[in-house]
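The values are calculated or read from the model by the stated rules, or taken from the named source; none is laboratory data. Keep in mind that this is a model prediction, so the values were computed, not measured. Cβ placement follows ideal geometry from the backbone for every residue including glycine, while neighbour counts extend to all protein chains displayed. These area figures cover heavy atoms from the full protein model, side chains too; ligands, DNA and RNA do not enter into them. Shrake-Rupley method; radii C 1.70, N 1.55, O 1.52, S 1.80 Å.
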Amino acid sequence: MEIIAPPVIDLAKSAVVPASRHIGYLFRYKKYVNDLRKKVEDNLLMLEDDIKIKVISCRDNGDVIHNVVQHWLEKVDKVRDEVAEMCRQAEKINSCFKGWLSARYRLGKESSKKIAIVEDLLTEGRRFDVVATSAPVPLRVVEHFDAFASRETIKKELIQALADVKTNLVGVYGMEGVGKTSLVKEVCQEVEKLKLFDKVVLVTVSQNVDLKGIQREIAENLDMKIEEDAIPIRAARLSKRLKLEKTILLIFDEVWTRLELAEVGIIPYRDDQNTCKVLITSRNLDVCHSMETTKNIEVQGFSERDSMELFLRNVSGVDCNALRKMSEDIVNECEGLPFAILAFARALQDKDEAVWPDIIKQIRKSLFAGMSLFDDLQSKVQNDLVRLETDVKGKVELARNNGDVIHQVVEQWLDNVDRVRTETAELYHEAEKINSCFKGRHSACQCLGDESKKKVDVVDKLLDEGRGFSSVSNPALVPPPVMKHFSAFASREATKKEVIQALVEDKTHLVGVYGMGGVGKTTLMNEIRKQVEKTKLFDKVVLATVSQHPDLRGIQAQIAGSLGMKIEEENISARAARLSARLRHEKSILLMFDDLWTRLELSDVGIDLDEVSVNTCKVIITSRSLDVCNLMGTTKNIAVKVLSKKDSLELFRQEVGDVDSDALCKMSEEITNECDGLPLAIVTLARTLRNKKESFWDAVIQQLKKSMCGGMSPVNASIKLSYKFLETSETKLCFLLCGLFPEDHKFTMDTMVGYAMGEDLLGEVETLREARGNLHIMVDTLISSGLWMKGNIEGYVTMHDIIRDAAISIARENKAESILRAGLGLHKWPELKEPGKCLRMSIMSNDIREVPDTPECSQLVTLSLARNRLLVDFPDGFFEGMKRLATLDLSHIGISSLPKSLSSLKNCLRSLYLDNCWMLEEVSVIGTLKTLEILSLQGTGISRLPEEMSGLTNLKMLNLSETPLTNVPSNLISSLSNLEELYMRESFSGWEIEGTGDNASLVEVASLTNLTTLHLKLENTKWLSTDIGPCPWDKLTKFCINVLLKENEEIIPSHKCAFERCISFGISTKSDSFPVADWVKVLVDRTYELVLDLEDCEGLDNDLVVNLNLKSFHNLKSFKIESADTVEYLVNVVEQVPVTVFPQLETLDLFSVYELKAIWKGPLVERSFEKLKLLKISCCGRLVNILPSRLWRNLQNLEGFEIENCENLEKVFDSKGFEDGSATIVQLRTIKLEELPGVISIWEGAIPLIRLESIKVLVVGNCPELKSSFLFFSLTFAQRFQQLEELDVWECSSFIKLIAEEEEEEIIMLHPNSSIEYGSRNLVSNTYIAVLQPPIFSNLKKLNISSCHGLKCIFPIGIFQGLVQLEEFDVYDCNEMEELSVECLEEGSSMTIRLPCLRDLSLRKLPRLSSFFSHPRILLECPSLETLTIEGCPNLKRLPFDPQSTPKLEKFYIGADELFSRLEWEDLSVKAQLQLILTIPSALMPFRTSQQWEHEEQMEGKCDKEKDSMNTKVDWLKAHPEQKRNEENEIEKNNHKEEVDRLSDHPEKFEEKKHEENNDIEKEVKEEKNEEVDWLKDHPEIRPTISSHPSLRSS
């Protein structure tokens, strides 16, 4: 009775508590203690360490630690000691008996309470964003200076204001260190002396407002104690107490932002009495205004006289003239700030003259700490952020080159980095001003430090985010720009298979593909690349074009870009070393080098095939010559032969179109015969002849035969014929212009239009739009004729290198007219035989460093020196002899200024390109070029547009994007009256409102009546509501306008201006940006993409469309709304005239529209949302129903549906009123439902709406209230997801199975004695296995299940058999998971499940998992498996593999060594095979289950179990002598180490011992080899495993 009395008494005392809780205390005490210990160690102590680090850092800086933080740390220390004591008591209970029941009960109860305390501490600690308040260094304590006349006047004014009956809230403001705190302390003393108030309370508020702390300080001064935790209750108590005071003065010192006095509990005054007055101090007058002060008093700095007097009073001993002069300098530098004056004075007090300079330097450093903070920021940006940005940009550029879709978060990150870099540059300019000026230096330096400190936090977040990018894009299934059709011919298919077969062979490491020019080698390479990537023959495939003049740096850059790396070194050898080191880390990679003309030294590039395994890196090259392949040392050469006559004719007919007459059919055969089976020649001629008359065909045949008789190759003959039959001379010259660019160059239409205008190819056009139209006609003609090709990026054009060579050959027929030497590696200016006749010259992409002083090129029309990066200077007279030059391209060169002779082109130059001349800052000479029509300064270093540019009245296109422009003189833009296109993306944004300042006004841009394209950024949101007069912008066909938010926060469009018309801005009804002006409405009505931030908008609750008065968004394709706190309906038809809204909308993204009740309210309007493809809704807390059922009918084009973080949403789909029949939403590919705590059903209402067979991605996460126990409520229902490729389910605890069981209607029974393939053998099955038809999830590639604690298994085994496409399978943190699949087989039966594509299998944190499958005779065959991870699965007993199951397995991670040792093996060779690749990560600790805690009290049988375990181990060692030998060897090794240590003290015996050991080792090695041979003879079944596995074979 004594033992059980205490808990019984305790239970009686708290009878109201359920008995189950007390029983839990008694029997689950160990779990409570364990949970408490883990929570403290894993969470609380880690949080304490983080906060302590912050505290130590702040203390080192001299900051004042917040009291609440210090109290929190003390409480944590106390809890930690208490928990440690409780754990010690828990251990003692196991070894004692008396009092065990009482002790258990007490521990259980205390642990439960302590867990709640720890949770509170965690919640409180995680709120500590800031742990201290900045403290001035040195301490800013100012004494005595209040006696000065200036201070006495302010003090009297302040006391008089407090005595005024009409004044209840007084503000005192002034810059930091001016003496506000000292002043209010003097006022306190004076007020108490005069007895103006019964009580005076002084409270310091600081930058981070702590309401509880403020309330506590006031209460302590009033001798009261507030124990309540809730702030409103504390405020009510304090308010009640203050009302009892007759008169009281509350002083709040150092207020940074508006302080809500009511929340503290303070009512400054009442109508009937004046009991309470408030005095605040702040650095900012705006804060005083926001507090609605009735009187504001400014505290200014001391006069020079008072400043000197204060300094001399405190420094003493300033006698000599030198010290007097230094004193004056110090006082002037302190700008009348008392704390600064005293800091210098006290540091210099009684010091010798010799040490004054050093002390002054130290004090300056502490006073102007802002400069140091800025230096830290600048270092972090330049050394860390910019480098990371470069890496990410490299990956992005590579992805874009591959046509991949860049992740929006990556684009957002890059834009944020760019913004931070720009802002840091602005701070740099501010810092330079601080260094160069004197007055206001301290204040400016303090502001600089505050801004720098904020920016450092932003940079750190950007670094963390950027380093977490595992990938930057998703692959887009865009076919490469290769010739169509003929790759599918039988002859080509056979060649492709032969090449791929050669790549598969182990002995082949360098494959050569050769054939004549135009035979289709490049096309074949692209086809092989697609095939290899599709079949995953190699992990990575890199394609690099070499061309006739190899550029090693360019080749290295192509490879590095494909690998996502950035090579910054300039030295080729250093670049090669870096590339070689990277290639050695690749598991398997295929390098493809296209178009080799001579031997390419792979080692110079960075490829050493001797250093890597044959199967790690393979190379394939293409060349026109077999000799080149042999020079490269290829191990296999494959010829690409010409097409057969049949295939040639078929290709020709595909390209030429319909051929009706017999005559044309006969001529087709004749032409293809002349083309000798060369695809390029066939395609070029076919496109030339398309839709032409018979007479034209006949003329072509005659010319073709004539050319062939002259010895011309078929390809060149066909190209020259196509050129000859171009209809206009302008189109012919346009074709020849391609010779200006280097081989394989991709040029844009923007570049070509300038060249074409300079050559007068575009006719008499008045506008740039007309010129572009004419150019497009020519380009389309050249593309349709097969001479040019569209690039793989929109807007780019390229051509085959043979066609380019032909164009250069044609241009050289008149030798004097064109000098085309682009990309030839020239180092000098070319010699001109007849310079006076040269019309066009291109020496771009060379290594030219110098140009002649005054070249005589009087007839030169086009000159390109672009991409000669080593060219940094021009002679002043360089352009004097070029009186006809119309097009000049100097892009990507290193010049810092333009030569004076450029002005000699004032009457001829029409197009000037200076893109990415990053050193160029001075361009005033451009103002003399009166005929200039196109000017591109993108990426230059200019910060101010010269006023001389106002004379460019003929300018039609001006590109100033990506320039650091800070000043655009007023009236300059408006003077460019003919401007049609203005690009200022990421450039100047400081447009003046009134237009009276130093910068231009937006009104000037609006005055440009010819403007058709505009890219602009505005930093002043007032422009949104500012009328700029009659708006001419209805002519704009392309525009991208971004209005910055407060604090320069920029809204980034979701598509990165993927559309031609884009606007993004923030509106605030509380500011001067609302209501929006007419010009905004005009552009919004015409835009394709709109991003709105409505954070501070009120009154938009009923209908966003109507309240913004933005018409009906007829043209809008993408619409994103952010932070609209008051919007209830996007469209409210009830309160407006029904008109169609969003008829063209494709993307709707609603983010943080918290009060949103519905997207649509009221009757349906026809055609609304009918083209919507993507619907994204995030953080809309009030949303209950997404769309009404009648609107779902309109979403026939919906492809993506993503909902997350909508806590009140209960139902996803609504099909009310729908009749059963065919679904209306047939194109839906993606469904993502995440963080939806209120959703009770997923599929209710979905079936009549959605065609489930089209869904490819399904994500369901954190939906805790789902009523269904299954994700798919029947097998038949699951069968409808035929195209599903990705399934991700997480934190859905209601699911006990993914698919509910039901009677399968269509099954095929495998009868007894039917044969099932098992590895390389045939076994007889003795069971019935139901295989569903059609199979479920047969296209599934990724399966991720995590934190679904109700799941006991994944799928029935019949479904597992159908996962033939599965590549990734990850199961994580499912507490109840016992098996992956449950299936009952008859005794003695067996089967094999084959997952042929599975590459990654991961099972982690599954404490109850005992086996993969319920039956031990089920094997898993994964021929593609590369990585196997098992962690936190302590009960797993066996792996379902045999020796042939995983031939490609290379990585096997397991959580603990003992887990591997506990596994049971039917075939020890599997264990040996896995042990070779076993990895136990150091971060993975042995998993400890809760059962270990719960059963520790069962100590009686512990010794017996240990004894049994020892006996079992002895028996096992007897049965496995090889393991026994291993353990004996380990013991012997330890003994050997001790022996070596002993012998090291006796050198004379060491050599003798060493000789003896060598003999013993040789003997043991020989014996072990003999034993291995004998063992292999006894185990013949293991030989195939060893011979098939490379690593085992080498062992």
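For a quick check: with amide H placed at 1.01 Å from N, whose amide H comes under 5 Å from residue 992's, ignoring anything fewer than 5 positions away on the same chain?
Those qualifying (amide H under 5 Å, at least 5 residues apart or on another chain) are 1000, 1001, 1002.
Give, in nm to one decimal, the length gained when the segment between residue 92 and residue 408 is fully stretched (0.36 nm per residue of separation minus the Cα-Cα distance).
Full extension from residue 92 to residue 408 adds 108.0 nm.
Of 195/225; 530/1297; 395/636; 78/199; 395/906; 496/1117, which ones are farther than 31 Å apart at the Cα?
Where the Cα-Cα span goes over 31 Å, the pairs concerned are 530/1297; 395/636; 78/199; 395/906; 496/1117.
Let me cross-check residue 1166: its accessible surface, 1.4 Å probe, with only protein heavy atoms counted, in Å² to the nearest 10?
150 Å²
Go ahead and run the numbers for FRET between residue 993 and residue 1427, Cβ-Cβ distance against an R0 of 45 Å, rounding to 0.05.
After rounding to 0.05, the efficiency reads 0.15.
Mind giving me the nanometre distance, one decimal, between the label points for residue 603 and residue 950, set 7 Å out from Cα along Cα→Cβ?
That separation, rounded to one decimal, is 6.6 nm.
Place a point 7 Å from the Cα of residue 1376 along the Cα-to-Cβ direction; which residues of the range 1264-1281 have their backbone N under 11 Å from it?
Answer for the range 1264-1281: 1269-1270.
Would you mind computing, in nm to one decimal, how far apart the modelled labels at residue 387 and residue 328 are, each placed 7 Å from Cα along Cα→Cβ?
Reported label-point gap for residue 387 and residue 328 is 5.0 nm.
Residue 1465: accessible area at probe 1.4 Å, nearest 10 Å²?
Approximately 50 Å² for this residue.
Testing the spin-label approximation: label points 7 Å from Cα along Cα→Cβ at residue 1364 and residue 123. State their distance in nm.
About 5.5 nm separates the two model spin labels.
Between residue 585 and residue 418, take the C-beta separation as r, use R0 = 25 Å, and let me know the FRET efficiency to the nearest 0.05.
So the FRET efficiency works out to roughly 0.20.
How big is the shadow of the Cα convex hull of the range 557-615, averaged over all directions, in nm²?
Average projection, Cα convex hull of the range 557-615: 4.4 nm².
With θ set to phi - 60° and the Karplus curve 6.51 cos²θ - 1.76 cosθ + 1.60, what are the ³J(HN,Hα) couplings of the range 547-564 in order, to the nearest whole Hz, using x for Gly and Pro?
Rounded to whole hertz, the list is 6, 5, 10, x, 10, 4, 4, x, 5, 4, 5, 4, 5, 4, x, 5, 8, x.
Longer than 30 Å from Cα to Cα, which of 156/453; 1267/1451; 393/1176; 645/746; 900/1038; 212/1120 are they? Say none if no pair is.
Over 30 Å apart, Cα to Cα: 156/453; 1267/1451; 645/746; 900/1038; 212/1120.
From a point 7 Å beyond the Cα of residue 883 in the direction of its Cβ, which residues of the range 827-846 have a backbone N at a distance under 20 Å?
Of the residues in the range 827-846, 834-841 have backbone N under 20 Å from the label point off residue 883.
I want to make sure I understand the PRE zone here: with the label point 7 angstrom from the Cα of residue 663 toward its beta carbon, which residues in the range 675-692 have backbone N atoms less than 19 Å away?
In the range 675-692, the label zone of residue 663 (backbone N under 19 Å from the point 7 Å along Cα→Cβ) covers 689-692.
For the range 929-1041, give me the percentage of DSSP beta bridges that are antiparallel, rounded to the nearest 5 percent.
Of the beta bridges lying entirely in the range 929-1041, close to 5 percent run antiparallel.
Tell me which residues come under 5 Å, amide H to amide H, from residue 1144 once H is placed; ignore anything under 5 positions away on its chain.
1116
Scan around residue 1016 for amide H atoms under 5 Å from its own, H built in the peptide plane at 1.01 Å from N, and keep only partners 5 or more places away or cross-chain.
For residue 1016, whose amide H was placed from the backbone, the distant partners under 5 Å are 984, 1040, 1041, 1042.
For the range 380-394, in order, what is each residue's ³J(HN,Hα) by Karplus, 6.51 cos²θ - 1.76 cosθ + 1.60 with θ = phi - 60°, in whole Hz (x at glycine and Pro)?
Values, residue by residue: 5, 5, 6, 7, 10, 5, 5, 5, 5, 4, 4, 4, 5, 4, x Hz.
Kindly state, to the nearest 0.05, the FRET efficiency for residue 903 paired with residue 824, given R0 = 22 Å and r defined as their beta-carbon distance.
In this case the efficiency is close to 0.10.
Give, in nm to one decimal, the length gained when the segment between residue 1267 and residue 853 is fully stretched (0.36 nm per residue of separation minus the Cα-Cα distance).
Using 0.36 nm per residue and subtracting the Cα-Cα distance, I get 140.6 nm.
Contour minus end-to-end for residue 1240 and residue 812, with contour as 0.36 nm per residue of separation and end-to-end as the Cα-Cα distance?
So the extension gain works out to 146.5 nm.
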